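A short write-up of the structure that comes next.
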Amino acid sequence: MKTRGKGVPPKRAQPGSTQAGDPVRVLIADSEQGFRRYIRRILERQPDLKVVGEAADGEEVVRVAHELEPDVVLVDIDLRGPDAFDVIQRIKARLPETKVIMLSVLEGEVFRKAAAKHGADAFLLKTEEISQFLPVIRRGRRSKAASGDH
């Protein structure tokens, strides 16, 4: 039986690189701890997704996003503090390659259009099946060129 040489670690991609095996790094921003916990549990079951942080209000999500530079930020439309639209603009101004997905319990084209106008990459209803969330989050994987610009 052949074995790997002792002390030779398996090859792993560097954090922030974009090889196919790298998980999409996700930051969850929602005022409701129960919803953050629910989304975290589901995302952590996905081998290609990794929750890197959580935030409970607008100021916190901007600060944490700038610190962690996630691939995707899930932002609830009803955040405390600065409104979610301001939060999106502040994140995108500093991290243009980060995908921001607005989440809402409020339906309507007005909200979708406002989210897009302020820079959101996607708009999802919290009432949708989680199976609708996952492909949208997975599309947040950064391109190789973008991840090297830090």
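The values are calculated or read from the model by the stated rules, or taken from the named source; none is laboratory data. As the structure is a prediction and not an experimental result, all values here were calculated from the model. We place every Cβ from the backbone using ideal geometry, glycine too, and count neighbours over all the protein chains shown.
Of the strands (runs of 3 or more DSSP E) lying entirely inside the stretch 22-103, those carrying at least 3 residues that are in contact (Cβ under 8 Å) with a residue 40 or more places away in the chain and of a type in the set (A, V, I, L, M) are 24-29, 72-76. Failed condition for Asp22, given (1) modelled with pLDDT of 90 or more; (2) buried (at least 17 other Cβ atoms within 10 Å of the Cβ), with all others met? Every condition holds for Asp22 apart from (1). Got at least one residue in the stretch 40-54 being among the polar types (S, T, N, Q), farther than 19 Å from Arg141 by Cα and out of contact with any Pro (no Cβ under 7 Å at 6 or more places or on another chain)? No, the stretch 40-54 contains no residue that is among the polar types (S, T, N, Q), farther than 19 Å from Arg141 by Cα and out of contact with any Pro (no Cβ under 7 Å at 6 or more places or on another chain).
For the stretch 97-112, a residue qualifies if it is surrounded by fewer than 17 Cβ atoms within 10 Å (Cβ to Cβ) and under 13 Å from the mean Cα position of the chain (by Cα), and exactly one does: Glu97. Just wondering, is there one or more residues in the stretch 12-19 that are small (Gly, Ala, Ser), touching a Ser or Thr at 6+ places or on another chain (Cβ under 7 Å) and modelled with pLDDT under 95? Within the stretch 12-19, one or more residues are small (Gly, Ala, Ser), touching a Ser or Thr at 6+ places or on another chain (Cβ under 7 Å) and modelled with pLDDT under 95. Of the residues making up the stretch 25-81, those that are surrounded by fewer than 15 Cβ atoms within 10 Å (Cβ to Cβ) and touching a Lys or Arg at 6+ places or on another chain (Cβ under 7 Å) are Asp48, His66. Residue check: is Arg141 assigned to a helix (DSSP H, G or I) and charged (D, E, K, R)? Here the answer is no, as Arg141 does not meet what is asked.
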